[in-house]
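Structure first, commentary second.
Read-outs: derived from the displayed coordinates by stated rules, not from any lab. Here the structure is a predicted model, which means the values were calculated and not measured. Cβ placement follows ideal geometry from the backbone for every residue including glycine, while neighbour counts extend to all protein chains displayed.
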Protein chains: 2
Amino acid sequence: MKYSANFGKTHYGAQGGSDLISHQLLLKGGFIEESAAGRYFFLPLGWRVHEKIKQVIKEEMDAIGGQEMIVPVLHPIELWEETNRTNSVGFELMSVKDRRGAKFALGGTAEEMFVDVARKLHLTYRDLPFNIYQFSTKFRDELRARGGLLRVREFIMKDAYSFHADEKDFKKEYEKMARVYAKIFSRLGLKTLRVEADNGYIGGEYCHEFQVESPIGEGRFFQAKDKSYCAHEDVAIFYKQNKNVKEKMKPYKTVKAVRGKTMADGVKLHKLPLWQQIKDVLYVNEKGGFILAVIRGDFDVNETKLLHVSKSYQLRPATDEEVRKLGSYPGFISPVGLEKKVMIVADDSLHTVRNCYGSANKKHLDAMNINIDRDFKAHLEGDIAMAQDGFLSGKTHSPLQEKRGIEVGNIFQLGYHYSKRMKNATFIDQDGKAKPYYMGCYGIGLGRTMATVVEKYHDDKGIVWPKVVAPFQVHFISLKGAEKQAQALYDRLLKFKIEVLWDDREESPGKKFADADLIGIPVRLVISTRTGTKVEWKNRASDKTELLTIAQVINKLTG
Amino acid sequence: MKYSANFGKTHYGAQGGSDLISHQLLLKGGFIEESAAGRYFFLPLGWRVHEKIKQVIKEEMDAIGGQEMIVPVLHPIELWEETNRTNSVGFELMSVKDRRGAKFALGGTAEEMFVDVARKLHLTYRDLPFNIYQFSTKFRDELRARGGLLRVREFIMKDAYSFHADEKDFKKEYEKMARVYAKIFSRLGLKTLRVEADNGYIGGEYCHEFQVESPIGEGRFFQAKDKSYCAHEDVAIFYKQNKNVKEKMKPYKTVKAVRGKTMADGVKLHKLPLWQQIKDVLYVNEKGGFILAVIRGDFDVNETKLLHVSKSYQLRPATDEEVRKLGSYPGFISPVGLEKKVMIVADDSLHTVRNCYGSANKKHLDAMNINIDRDFKAHLEGDIAMAQDGFLSGKTHSPLQEKRGIEVGNIFQLGYHYSKRMKNATFIDQDGKAKPYYMGCYGIGLGRTMATVVEKYHDDKGIVWPKVVAPFQVHFISLKGAEKQAQALYDRLLKFKIEVLWDDREESPGKKFADADLIGIPVRLVISTRTGTKVEWKNRASDKTELLTIAQVINKLTG
């Protein structure tokens, strides 16, 4: 198409909304415009990229037997009530009432809708397994939305749902989808890491994010140096080495401790190692119950893990006031003696140390030689510790390396979570009995993927689109005086069905070249009075130009 | 794909929701399922049809320089307030608030959004004209939604918006779009009539619906027998023949009239023709003002025309109580003497008659020899009459024929309606001045088009899809004992990239044949122990079968 007719402009100078390079370049190149915060127009150029990403995903989904369909954008709220999701994701759920009073959720995901349509079909074991998916608009009522296309309130997602007779069958599909996802992103030019992640309220062991390593990523995860393990910070487990476990237990005693409230203050005062100190963090859960997390001093509490171990939905740090109400003192809280007032959740690391020191529930009073099980009993024990760079991985004891990434996709086990909560979400098995289906789900955000490609493929002049997602294959610039040759070449490119953007404007060569670099189409062709009967070819990713005949150009482009 | 793996089933027996044949067949064939009233799942088979319709529309839109893009589903309500649409379409508009209190419209159309993105680009005359479009979900808060895909609350629409420097340029685009629409529907197998329609609150002369004639259509329109004219009932004009205009005016007088309230009662009592009676209908507009429509007795009031002539937004019939309050009497209202209490709007047909009879604002009192201008003056005069079958068309006086149709598309002039109401919705013209753009818009509902195709293409066994929209090109049935040959043929069809649905199920031949007829794919192929090395070919639309070699089959399908 002719660039003069293109709806969309290049802009120069810093753009608003976000400093992210992908946001800046997509705005500058005329790919997107902002509607409201976190809501974007995709201009024709941007939409072409979006559609190309969609096409790659569709091809790969169809290749493994996925079936595209569509569910309504408005989900009857009764379905979300069946699964109690109106409560569990209430904070980011938008809902709307029609004029007859019927209420609908604006879905962030569509599990209930897919289960609802499946149960309408009265499935039998013969119908399983299947994998159905859609590309559709999703809504997230995010509080913050300042990351361009990387964190938005409305976006198009490919969400797939697989239905199985049992867990074993699901696991096969899950591994297949993991391979498909790696292939999809690889085709799009993105190297992804498969990162174990938190399955949230669903639980279950199968949940992975596909992360593209990037310093601007919001996701923090750990990869073992030997690559044997990769997990999101929420779930990463690590090897907790024994410390002084061979020491004999010494008598518990309290000592005067005029110190500040930090762990460092404790180390300074007692001149003992940080790992020997006990760290206590008081939380309040969604029901108002107190939870005291107790952990080895050199570790931090991982709130996601704590949620799971304590079976809570939400946690917040307790206030100083609440600490005092319990009869303790801020900065001096201790599990010793609090068993009846709070739920004590201990990290298993407390068994790697002996004769710890720590607080004693009174101002300026510390305790020495605290030992779990002898001096206090935890109501719950488990792994509630946050991994850190340099810690050793759980299995191979290889050092964990902290990484940041952009989550472009995720796959996870739903198990029976939805099918058991929704009525008649069953299939008739070979034994004639109705059984709930075992499910998985698989998502890719298209706009985020597009922005991630830009994060990875750009230079200081603009975007450098990989061929597969480029809005056009050729950016053809004609300069003044070569109009006739230009029209001929354009017609010829179209005849060969080559996707060409022809910058036919009356602009200076400098402006045209700068726009071409900014827009980032893989091949730039130039015709001017100086190229004669030939055409200048330049790849966007290279500085080298060459003069080719039209036949050579066509050959290279169609070859 | 294998039908055994298809997500979706055939059903037999009457389906709920609507008796429309398209609804019944789309449900029975496993193309759609209902989510909530007026909201549908498109199952994989149905989605393939939907996507094929989309592809045809896209090809034709792109061919005339249309540029596909996308705007957010949620429209900032401030934009709708700029154009006052929150008031004018309030009854069918859904809106939603996010958790920060920002309000959004769930768009039924997207004029404001397209103008908003256009004004963000700071256009100049060089950028005009352009035509930008999207395929996106639209919402209509319809009170009734009982027509399957023909009347829904949520659907995917292709909505296009063109921007021009002036009306002249718009008109060229408008005619181009009219041709494109006829072509699109023709490619989809639908013969459309271009029907003049009401432009609603926008006004302007350019507004057409593309109607597919059908007895189940909700649209009523009139076509002149000589095809010179075709218009929706809302706007259809007709030739109002003179009656007794040569009579001398006789003196106005009142007479006792013990009669009922209907026009027929008047005819019966006075033994005079219906056309000589005056018909008076009292309305109340949105501001509470009284409007008395006065028209020749053999015509009916057209409320849409009355809205325009009276410059009202909404009208409702007055109650008997309101008639009495005016000092008149129900069934006996008359314009004579009411000039100061109501706005009198007279149909121009009152100049085709003389010495009319009618009511006289008192119970059981009629008037004789009423003549407009002499006995009462209308505040407004114009065409407020409803066309009827057999009336003569305005220009060629050819008899009008009443028709019903399904509106599958519409095109209309927006003019300056949006650009003048929205701030900075301007382009810099050659003279350096900022001017509002002149606009048009063009819509096609995809699901409705799909249902219309089914209304037109079916027989008593099921759907008979036109090739261009068929979910697959070949419905391949293999019967027991021919598994090996079947697999070989299937592989071969796939190799030639022929879209094939292979019914590989262990079902009876009868069931498989019935399902094939119901689903309606253009070509049915059968392999059984009886077909030997050959294949039975049958077109869905024909009863004839023939035995072909595999090579012949491939030739016919790829030829």
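Partner shielding of B:39-51 amounts to 5, given as the average count of beta-carbon atoms from other chains within 10 Å of each residue beta-carbon.
Overall, the range B:423-500 carries a charge dipole of about 160 debye about its Cα centre when +1 sits on the Cβ of Lys and Arg and -1 on the Cβ of Asp and Glu, all other atoms neutral. Fewest neighbouring Cβ atoms within 10 Å first, the residues A:Phe238, B:Phe290 line up as B:Phe290, A:Phe238.
When Rg and the Kirkwood Rh are both derived from Cα coordinates, the Rg/Rh ratio for the range B:388-524 amounts to 1.28. For the range B:253-386, the share of alpha carbon pairs falling in successive 5 Å distance bins from zero is 2, 11, 23, 25, 22, 12, 4, 1 percent. Here the Karplus relation 6.51 cos²θ - 1.76 cosθ + 1.60, evaluated at θ = phi - 60°, turns the backbone of the range A:346-358 into coupling constants of 9, 6, 5, 5, 5, 8, 9, 9, 9, 6, 6, 10, x Hz, with x for every Gly and Pro. Taking the C-alpha atoms only, the angle from helix A:509-519 to the longest principal axis of chain A is near 40 degrees.
Listed by chain and number, the lysines placed with their C-alpha closer than 22 angstrom to that of A:Lys268 are A:Lys243, A:Lys250, A:Lys253, A:Lys256, A:Lys279, A:Lys362, A:Lys363; residues fewer than eight positions away on the same chain are left out.
Cβ crowding within 10 Å, taken as a proxy for footprinting-reagent exposure, orders A:Leu45, A:Leu128, B:Leu307 from fewest neighbours to most as A:Leu128, B:Leu307, A:Leu45.
The amide H of A:Ala257, built 1.01 Å from its N in the peptide plane, has A:Leu365, A:Asp366 as neighbours under 5 Å, considering only residues 5 or more places off or on other chains. Over 24 Å apart at the Cα level, from the set B:Lys176/B:Lys456; B:Lys261/B:Lys325; B:Lys225/B:Lys395, are B:Lys176/B:Lys456.
With 5 Å bins beginning at zero, the pair-distance distribution over Cα atoms of the range A:1-136 amounts to 2, 8, 13, 13, 14, 14, 15, 11, 6, 4, 1, 0, 0 %.
Compared with the direct C-alpha span, the chain from B:Lys183 to B:Gln552 gains 129.6 nm at full extension, assuming 0.36 nm per residue. Spin-label model, B:Leu365/B:Asn424: points 7 Å from Cα along the beta carbon direction are separated by 6.4 nm. Counting Cα-Cα pairs of chain A in 20 Å increments starting at 0 gives whole-percent bin shares of 18, 40, 30, 10, 1.
In terms of overall dimensions, the C-alpha atoms belonging to the protein assembly as shown reach 129, 76, 74 Å along their principal axes, ordered largest to smallest. Within 10 Å of the Cβ of each residue in B:129-140, the mean number of Cβ atoms contributed by other protein chains is 3. Take every Cα pair under 8 Å whose residues are at least 6 apart in sequence, average their separation, divide by the length of the range A:253-386, and the relative contact order is 31 percent. Computed 3J(HN,Hα) for the range A:74-82, one whole-Hz value per residue from the Karplus formula 6.51 cos²θ - 1.76 cosθ + 1.60 where θ = phi - 60°, is 8, 9, x, 4, 4, 5, 5, 6, 4, glycine and proline marked x.
With R₀ set to 35 Å, the beta-carbon distance separating B:Ala5 from B:Lys176 gives a calculated FRET efficiency near 0.20.
Bridging of B:Lys9 to lysines at a Cα separation below 17 Å is possible for A:Lys120, B:Lys28, B:Lys461, B:Lys511, B:Lys512, once same-chain residues fewer than 8 apart are set aside. Dipole of the range B:253-386 computed with +1 at Lys/Arg Cβ and -1 at Asp/Glu Cβ about the Cα centre; of B:Phe290, B:Tyr357, B:Val309, farthest Cα towards the positive end is B:Tyr357. Working note: Debye formula, equal point scatterers on the alpha-carbon atoms of the range B:462-536, no solvent; log10 I(q)/I(0) at q = 0.28 Å⁻¹ is -1.36.
For the pair B:Thr396 and B:Phe496 in one chain, pulling the backbone fully straight at 0.36 nm per residue adds 30.5 nm over the alpha carbon distance. At q = 0.09, 0.11, 0.15, 0.17 Å⁻¹, what log₁₀ I(q)/I(0) does a Debye calculation on the Cα points of the range A:340-453 give, no solvent, two decimals? Debye intensities relative to I(0), on a log10 scale: -0.61, -0.80, -0.96, -1.00. What is the angle, in °, between the Cα long axis of helix B:167-187 and the longest principal axis of the Cα atoms in chain B? Nearest 10 is fine, range 0 to 90. Helix B:167-187 sits roughly 50 degrees off the main axis of chain B. The ranking of B:Ser228, B:Ser478, A:Ser18 by Cβ neighbour count inside 10 Å, starting from the fewest, reads B:Ser228, A:Ser18, B:Ser478. Between 0 and 90 degrees, the angle of helix B:446-456 with respect to the longest Cα principal axis of chain B falls at about 80 degrees.
Does anything in the range B:273-290 have its amide N under 15 Å from the 7 Å Cα→Cβ label point of B:Tyr252, and if so which residues? Counting backbone N atoms under 15 Å from the label point, the list is B:278. Applying the criteria of a DSSP loop state and at most 14 other Cβ atoms within 10 Å to the trypsin sites (Lys or Arg not before Pro) of the range B:518-559 yields B:Arg530, B:Lys544. Over the residues of chain A, the helix contribution to mean residue ellipticity at 222 nm works out to -7500 deg cm²/dmol, using -39500 (n - 2.57) for each DSSP H run of at least 4.
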